[in-house]
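Trainee: Questions regarding the structure given below will be posed in turn.
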Amino acid sequence: MATIKEIADKSNVSASTVSRVLNNDDTISVQSETRERIFQVAKELGYETILERRLKQKQQTLKHVGIIVTQSLDEEINDPYFLSIRQGIEMELASHGIRTVTFRLHETETNQMIDDLDGLIVVGRVKEMALKAISRVENVVYINHSPNDDLYDAVVIDFEKATEKAIKHLLGTGYKSIGYIGGREKEHSKNQKFNSEDKRLTTFERLMKEQKMFDPEAVFIGEYSMAQGYELMKKAIYMRNFPEAFFIASDPMAIGALRALQEANLKVPDDVAIIGFDDIEAASFASTPLTTIRVHTKEMGKTGVKLLLDRLNGRELPLTVTLPTELVIRESCKKNK
């Protein structure tokens, strides 16, 4: 590795000037051209500052990260939203050469403690006390949930804003009656699940009431799966006042709903429009390609890893990162008039 003296000789400055510039000494006054020349020479010679060496040493000591998954394997297969987040986490950790161990919350033994890890990434809603009961790990990042933003890093999306995008698009397109099909948002404790507020549903209700369009009979709630989307749409078809459009809170449910509509000889979007949520890979290959809200799930996982590495490298202030969503318009919804 290059020395301070070698950089000084090639930069035509003193060794003390090089040392102070490379270590970001704010008290030194040098011309910007000189500063840039020193950094360029240091880069060409492969010199590492003390800070860079310390960061590398810290990263090299990071060897083991745990991932807590709240979904069972069957639930991940039925609704790949959380599967995609986990894959993003694993890809990013692998790129840093970090070993991982995955725990499924419902499979963790009551007397099993999760410790001896450098950090922990929690995917989904887990009660804070439930996590403390099974883990002694201090550095924790939550993804898709933020139980305490004064203590923990988190990566989330704004479900309220995302739902508003979908509903405002339907309203702007001219639909006068809109139904809702969704699942139950669950918060997990050890061997238990508790229903919790789903911002997609509450935002839908608020917006419909503001437009004086809310019909409680047009709201259908089951589980987040393709099969439930199919069954709930079959129920909806028999409504006296069948809605002109549906906001469906997950793409797998929307794909199941499409099948039910197809069996009833109802055309999408001519007879009924659909907007889904997630933009899973299958959404663009559905029998009618889905208009949907795109959630950058893999990026949520990768961002969670970056937050954890940043925390392990010395950051003390907890951060919550909200990733944006976007409306992807395909064939299941008419275009704006």
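The values are calculated or read from the model by the stated rules, or taken from the named source; none is laboratory data. Here the structure is a predicted model, which means the values were calculated and not measured. Here the Cβ positions follow ideal geometry from the backbone for every residue, glycine too, while neighbour counts run over all protein chains shown. Accessible surface is based on the protein model in full, side chains and every heavy atom, while ligands, DNA and RNA are left aside. Shrake-Rupley method; radii C 1.70, N 1.55, O 1.52, S 1.80 Å.
Trainee: Please verify whether Arg136 is out of contact with any His (no Cβ under 9 Å at 6 or more places or on another chain), farther than 30 Å from Phe204 by Cβ and open to solvent by 70 Å² or more (accessible area, probe 1.4 Å), treating the condition exactly as stated.
Mentor: Answer is yes for this residue.
Trainee: Could you please find all residues in region 241-269 being acidic (Asp, Glu) and under 13 Å from Arg200 (Cβ atoms)?
Mentor: Answer for region 241-269, where residues must be acidic (Asp, Glu) and under 13 Å from Arg200 (Cβ atoms): just Asp251.
Trainee: Further question on the same structure: Taking into account only those residues within region 152-191 that are open to solvent by 40 Å² or more (accessible area, probe 1.4 Å), touching a residue at least 60 places away in the same chain (Cβ under 8 Å) and within 19 Å of the chain's Cα centre (by Cα), which is nearest to Tyr224 (Cα to Cα)?
Mentor: Among those that are open to solvent by 40 Å² or more (accessible area, probe 1.4 Å), touching a residue at least 60 places away in the same chain (Cβ under 8 Å) and within 19 Å of the chain's Cα centre (by Cα), it is Lys186.
Trainee: Right, here's the next one. May I ask you to verify whether Glu217 is surrounded by fewer than 22 Cβ atoms within 10 Å (Cβ to Cβ), among the acidic types (Asp, Glu) and assigned to a helix (DSSP H, G or I)?
Mentor: Answer is yes for this residue.
Trainee: Which of the residues spanning region 236-265 are part of a helix (DSSP H, G or I), open to solvent by 30 Å² or more (accessible area, probe 1.4 Å) and either among the polar types (S, T, N, Q) or touching a strand residue (DSSP E or B) at 6+ places or on another chain (Cβ under 6 Å) (or both)?
Mentor: Step one: filter region 236-265 for residues part of a helix (DSSP H, G or I), giving 236-237, 251-263.
So of that shortlist, the ones also open to solvent by 30 Å² or more (accessible area, probe 1.4 Å) come out as 237, 255, 259, 262-263.
Matches in region 236-265: Gln262 only.
Trainee: Another one. Please determine, by comparing only the residues of region 291-310 that are open to solvent by 50 Å² or more (accessible area, probe 1.4 Å) and assigned to a helix (DSSP H, G or I), which one is farthest from Lys161 (Cα to Cα).
Mentor: Asp310
Trainee: Conditions: (1) β-branched (Val, Ile, Thr); (2) outside any loop (DSSP other than H, G, I, E, B); (3) touching a Ser or Thr at 6+ places or on another chain (Cβ under 6 Å). Thr288 meets all but one. Number of the miss?
Mentor: (2)
Trainee: I'd like the full set of residues that are closer than 26 Å to Leu323 by Cβ and either among the acidic types (Asp, Glu) or open to solvent by 10 Å² or more (accessible area, probe 1.4 Å) (or both), limited to region 113-129.
Mentor: Leu117, Asp118, Arg125, Lys127, Glu128, listed by residue number.
Trainee: For region 289-326, name all the residues that are aliphatic (A, V, I, L, M) and without any contact (Cβ under 8 Å) to a residue 40 or more places away in the chain. Quick ask: steps written out before the conclusion?
Mentor: Going residue by residue through region 289-326, those that are aliphatic (A, V, I, L, M) are 290, 293, 295, 300, 305, 307-309, 312, 317, 319, 321, 323.
Passing the criteria: only Leu317.
Trainee: How do the pairs read when you match residues in region 86-115 that are farther than 11 Å from Lys302 by Cβ and hydroxyl-bearing (Ser, Thr, Tyr) with residues anywhere that are in a helix (DSSP H, G or I) and modelled with pLDDT under 90, using Cβ under 9 Å and keeping only pairs 6 or more apart or on different chains?
Mentor: Thr108/Ile134; Thr110/Ala133; Thr110/Ile134
Trainee: Taking the options Ile280, Ile329, Ile275, name whichever one is in contact with a Ser or Thr (Cβ under 9 Å, 6 or more places away or on another chain), open to solvent by 40 Å² or more (accessible area, probe 1.4 Å), in contact (Cβ under 8 Å) with a residue 40 or more places away in the chain and not aromatic (Phe, Trp, Tyr).
Mentor: Ile329
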